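The values are calculated or read from the model by the stated rules, or taken from the named source; none is laboratory data. These figures come from a predicted structure and were not determined experimentally. Every residue, glycine among them, receives a Cβ derived from its backbone with ideal geometry; neighbour counts consider all protein chains shown. When the accessible area is computed, the model is the full protein with side chains, heavy atoms only, and any ligands, DNA or RNA have been set aside. Shrake-Rupley method; radii C 1.70, N 1.55, O 1.52, S 1.80 Å.
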Amino acid sequence: MSSRRKFLKRSTLSSFGLMTTSLFSSACASNDDKIKSNISTSKVKFPFVISTWENKKANQAAMDILVKGGNALDAVEAGVKIPEGDPEDRSVGYGGRPDRDGDVTLDSCIMDSEGNCGSVCFLEGIKHPVSVARAVMEKTPHVILAGEGAQKFALANGFQKENLLTEKSRLEWEEWKKESNYEPVINIENHDTIGMLAIDANGDISGACTTSGLAYKMKGRVGDSPIIGAGLYVDNEVGGATATGMGEAVLRSLGSFLVVELMRQGMSPAEACKEAVMRIVRKQRFDNIQVGYLAINKKGEYGSFCIHEGFNYVLTSDTGTKLNKSVFHLKVKKEKK
Ligand code: SD4
């Protein structure tokens, strides 16, 4: 069982234990000092690539391009295409869990160092939505194409229509349908949306974010991942940020844009991610949802912050690949055996 999956289980159990507002606030206060001491600035020589969760292969594909002098845009596209094409990755692209009607619908976006961006949402039948998002950016006057229009555009631009629902995902969905018990509670679902940021040898930053979204979501639901400023934002003068977790919470606070703007005002990536998470904690219900932010700046500094313990990210540079645990707001209580 992946550590992410274990986290989801543990987190759900522990969140049910925290039932009152006063308990929440005391947990916040007592954790705050620890958080302060954990927020240190980490820096790495560029080029490097960083991405949400544990997808080392995705980072490697991006790094292969960066070490040859390739640009950050090509790197992030190639990187996130790895989980998009992997049927075992159940929350991105091919093999992703379907919506409640049994359809796999994909959300993806990409943004380059010039401030250009492209996005597709509610896209069906196309394995690599990030490449369609890039085509939207490069070949149309628009930023976002949705649903049928996005698919029509993809087909007109050489993408093939494929069935993205694997047998494994279909059988799970059939099982889910027996009770059709849908609670939009992110911590009980397994989803490893990839948000990736890269800084190339020239110091230019690009990012991409791609997902099949929440399993068994309502038909037509679009999350934060394809929304520029929510799931991803890059400003090459400052840095870049990406998000994972409960998309609705990120959308309400336009989290990735917020992180970049906070860095513009002088915060380090980790401090900015923390402040963006704390906005959610202060203004929204956060007991049973996870949100994690990951950010880099122009100096090559990086950092992250999440609501609940358990979010991690992978960093790949010329010194190799390292899985890092994110600093968090609330500790997950250990399961009693
Ligand atoms: C969404 N933010 O669709 C995505 C889900 C996610 O790891 O990040 N999963 O809300």
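Please label the shape of the stretch 167-322 as rounded, prolate or oblate, based on the square roots a ≥ b ≥ c of the eigenvalues of the alpha-carbon gyration tensor (a/c under 1.5 means rounded; beyond that, a/b larger than b/c means prolate, else oblate).
Cα axes put the stretch 167-322 in the prolate bin.
Using a 1.4 Å probe and ignoring any ligands, DNA or RNA, find the accessible area of Lys56 and quote it in Å² to the nearest 10.
100
I need the shape label for the stretch 288-337. Rule: rounded when a/c is under 1.5, else prolate if a/b > b/c, else oblate, with a, b, c from the alpha carbon gyration tensor.
Taking the square roots of the gyration eigenvalues as a ≥ b ≥ c, the stretch 288-337 is oblate.
Could you pull out the pairs from Lys127/Lys178; Lys68/Lys139; Lys217/Lys274; Lys177/Lys217; Lys81/Lys217; Lys178/Lys217 whose alpha carbons sit more than 19 Å apart here?
Lys127/Lys178; Lys68/Lys139; Lys217/Lys274; Lys81/Lys217
Taking R0 as 45 Å, what's the FRET efficiency between Lys299 and Asn181 from their Cβ-Cβ distance, rounded to 0.05?
0.45
Taking 0.36 nm per residue of separation and subtracting the Cα-Cα distance, what length does fully extending Lys331 through Val67 add?
Using 0.36 nm per residue and subtracting the Cα-Cα distance, I get 91.3 nm.
Fully extended, how many nm does the chain gain between Lys139 and Thr319 (0.36 nm per residue separation, minus their Cα-Cα distance)?
61.1 nm
Which of the three applies to the stretch 39-330, rounded, prolate or oblate, going by the alpha-carbon gyration tensor with a ≥ b ≥ c and a/c under 1.5 meaning rounded?
Cα axes put the stretch 39-330 in the oblate bin.
Given +1 on the Cβ of Lys and Arg, -1 on the Cβ of Asp and Glu, and no further charges, what dipole in debye does the stretch 39-330 carry about its Cα centre, rounded to the nearest 20?
380
Give the accessible surface of the stretch 39-330 per residue, rounded to a whole number of Å², with probe radius 1.4 Å and ligands, DNA and RNA excluded.
Value returned for the stretch 39-330: 37 Å² of accessible area per residue.
Can you pull the accessible area of His142 for me, 1.4 Å probe, Å² to the nearest 10?
Probe radius 1.4 Å; accessible area of His142 about 100 Å².
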